[in-house]
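Single-structure report; data block below.
Just so you know, all these numbers are worked out from the coordinates, no wet-lab data involved. The shown structure was predicted, so the numbers you read here are calculated from the model rather than taken from an experiment. Using ideal geometry, Cβ is built from the backbone for each residue, glycine included, and neighbour counts are taken over all protein chains shown.
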Ligand code: SF4
């Protein structure tokens, strides 16, 4: 697949000493409202410093993003960053089981091109990456949810994590951090928050150097979304798996709690060995970390009629297996349809991965299987 990313290679003096690719959007749109916020102006300054073309809009609506040709609309949207303000509805948080008590958003959309992107089922319209300028309001709003959680806080096994806030439901916040700085601000916010709280996000990127020295105080758990090597061709525009694992090692050495989000699990060829190889690689990256605080989340592939339609329009040539006849149809608790793997296959994968995690990563806690 042709990547739509403008890539720049940076070599940094870190313990990783590996090149990192960062996204450079082709268009940066800024609304007038976004410029009312210091954080919005800082994002624009970052974009200007990178030499990116800035379009200052006359009103606060993003228009002109649709195109008769769906491929062109997709390509243009994926190359566009919009600096906007989060609408008031974003400040009314929703629970996000099984990951966290609450979901909050620093941005919406992602510049990568994963053929199984979970955003396909939740976002509508052209997939522009919208980043929020009213960061102070977004972070200031979290306080009123302290101690109110009904997901992890209500779980005997996870209540010790405090009130948990998930920041990667609608975006990959690390993939755009070089343009926003929002994630660093959130990590600082949680580090300074004198309360039992946890910021959580998961990522398929690896540029963690700006995070290593932040005063996180162990209150941010950074998980890496990883998959068997055979699935790498589904993950266009993300950081290579080895870089993600290396980044996890660097963060663990910097004292962060870390995690593996193994997702979406697929019965790729020789899947038992393929996932064991992945777990061995993860173990190797943590070999020098004393008592790593590692969690594992196991998420099998599923799709809905809606997400399948969107993904087929975004990636018409994909070989991602999404045949309903090979799946079990289930109803979600909201009454909508989803397609998961048949029960026997689910049981086999679950038993194997649970056993392999115990062998390869005996210090890890499996948070959930779904
Ligand atoms: S990195 Fe995550 S959010 Fe971004 S395209 Fe891939 S699956 Fe979607």
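Given the convex hull of the Cα atoms of the range 98-204, what is a quarter of its surface area in nm²? Numbers along the way, then the final one.
On the way: hull surface 28.9 nm².
That works out to 7.2 nm².
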Checklist entry - Expressed as a rounded percentage, what relative contact order does the chain have, with Cα pairs under 8 Å and six or more residues apart? => result 14
Checklist entry - By counting other Cβ atoms within 10 Å of each Cβ, how are 81, 311, 214 ranked from fewest to most? => result 214, 311, 81
Item to check | the range 131-224, relative contact order in percent, only Cα pairs under 8 angstrom and at least six apart counted | outcome: 26
Item to check | the range 192-294: relative contact order in percent, alpha carbon pairs under 8 Å with at least 6 residues between | outcome: 31
Next on the checklist: Which residue fluctuates most in the GNM of the chain (Cα springs below 10 Å): 302, 71, 200?
Outcome noted: 71
Item to check | At R0 = 41 Å, FRET efficiency that the Cβ-Cβ distance of residue 36 and residue 358 yields, to 0.05 | outcome: 0.20
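Report the full-extension gain for the segment residue 277 to residue 144: residue separation times 0.36 nm, less the Cα-Cα distance, to one decimal in nm.
Values: separation 133, 0.36 × 133 = 47.88 nm, distance 4.33 nm.
Result for the pair: 43.6 nm of gain on full extension.
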Checklist outcome for this item: A chain fully extended from residue 253 to residue 50 at 0.36 nm per residue, minus the present Cα-Cα distance, gains in nm 70.1 nm
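Can you give the helix-only mean residue ellipticity at 222 nm for the chain, where every DSSP H stretch with n ≥ 4 adds -39500 (n - 2.57) and the sum goes over all residues, rounded to the nearest 500 deg cm²/dmol?
Values: 11 runs with 106 residues, N = 370.
Only helices count here, giving -8500 deg cm²/dmol.
Expressed in nm to one decimal, what extension gain is obtained for the pair residue 319 and residue 91 from 0.36 nm per residue of sequence separation less their Cα-Cα distance?
Details: separation 228, 0.36 × 228 = 82.08 nm, distance 3.83 nm.
Fully extending the segment from residue 319 to residue 91 adds 78.2 nm.
Using the beta-carbon distance between residue 337 and residue 233 and R0 = 30 Å, what value does 1/(1 + (r/R0)^6) give for FRET efficiency, to the nearest 0.05? Walk me through the numbers before you get to the answer.
Working: r = 28 Å, r/R0 = 0.93.
It comes out at approximately 0.60.
Could you give the semi-axes, largest first, of the ellipsoid that matches the range 26-202, computed as the square roots of 5 times the alpha carbon gyration tensor eigenvalues and rounded to whole Å? Intermediate values should be presented prior to the final figure.
Numbers: eigenvalues 175, 71, 35 Å².
Semi-axis lengths for the range 26-202 are 30, 19, 13 Å.
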Checklist entry - Between the range 325-350 and the range 137-165, how many Å separate their Cα centres? => result 29
Checklist entry - When the label point is put 7 Å from the Cα of residue 348 along its Cα-to-beta-carbon vector, which residues of the range 264-300 have a backbone N closer than 17 Å? => result 265-276, 300
Item to check | For the chain, convex hull of alpha carbons as volume per residue, Å³ | outcome: 141
